[in-house]
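Student: Next up is a structure, given as structure tokens.
Rule-based calculations on the coordinates, nothing more; no lab input. Note that the structure is a prediction, hence the values are computed from the model and not measured. Cβ placement follows ideal geometry from the backbone for every residue including glycine, while neighbour counts extend to all protein chains displayed.
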Amino acid sequence: MKHNHDGPVVAIDIDGTLGDYHGHFLRFAEAWYGRPMPDANAINPGLPLHKFMQTSKSTYRQCKLAYRLGGLERSMPCYPGADKLTKTIRDAGAELWLCTTRPYLKLDSQSVNTRHWLRLHKIQYDALIYGERKYRDLARIVGVSRVAAVLDDLPEMIIQADSLGMWTMLRDQPYNKHLNWHYRAMDLDQARRTILQEVRTWRKP
């Protein structure tokens with residue numbers, strides 16, 4: 001698909017939205033720490049992951065770095081319907097931008113691992129954005145007016161996109177139950193139907 005520079009854009013997160021990052025990471029953390037970790041499905045809403053794991057933030061970061069350097073993201077489980085979601089969006093004529101908080105400049109292997117996972121699970125996309133400012137960067141690159149929909153699981157990221165004036169949908173997860181959000185997708189099939197409608201709405205004069 002060629003960028004038309006004036007059509008609709010849909011932005012979708014990867015970890016926790018298209019793939020089961022939290023469950024996968026916690027299983028790795030059990031081996032890394034050498035002790036049991038909490039059930040990912042029982043995450044206390046609003047509690048930072050390191051506190052949920054009952055560990056210091058510095059040690060948690062060491063564990064997360066080990067996870068990334070080991071290329072574990074290549075084997076992260078993909079949620080059902082991820083491939084259909086992305087294909088449907090692009091078939092509808094929208095550009096699909098994957099926006100992830102994964103670091104890019106700090107870890108040279110990150111882009112390779114990310115693209116491998118996307119290819120493995122037949123995830124279609126037109127562009128990738130990395131970093132904590134991903135939606136601010138998206139707004140700078142394509143303009144807020146072109147963004148028809150954003151799908152993310154992290155409260156701080158969905159709030160970032162919403163503050164820029166983007167239409168947003170929260171991917172339902174145990175750790176974001178505390179956030180009373182206007183649109184919430186229980187699964188990727190529901191997200192697909194709703195986002196497709198937003199793309200159609202965007203196209204209306």
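Student: Looking at 170, 154, which is the one that is buried (at least 20 other Cβ atoms within 10 Å of the Cβ), within 19 Å of residue 21 (Cβ to Cβ) and touching an Asp or Glu at 6+ places or on another chain (Cβ under 8 Å)?
Tutor: 170
Student: Could you please give the count of residues in segment 163-199 that are in a helix (DSSP H, G or I), touching a residue at least 40 places away in the same chain (Cβ under 8 Å) and over 11 Å from residue 149 (Cβ atoms)?
Tutor: So the count comes out to 5.
Student: Okay, next question. Got a number for residues in segment 1-24 being outside any strand (DSSP E or B) and over 15 Å from the mean Cα position of the chain (by Cα)?
Tutor: Total satisfying the criteria: 8.
Student: A follow-up question, please. Would you mind stating whether residue 117 is without any contact (Cβ under 8 Å) to a residue 60 or more places away in the chain and surrounded by 15 or more Cβ atoms within 10 Å (Cβ to Cβ)?
Tutor: No.
Student: Still on this model: Among the numbered criteria (1) of a type outside the set (Asp, Glu); (2) within 12 Å of the chain's Cα centre (by Cα); (3) surrounded by fewer than 17 Cβ atoms within 10 Å (Cβ to Cβ), which one does residue 164 miss?
Tutor: All conditions are met except number (2).
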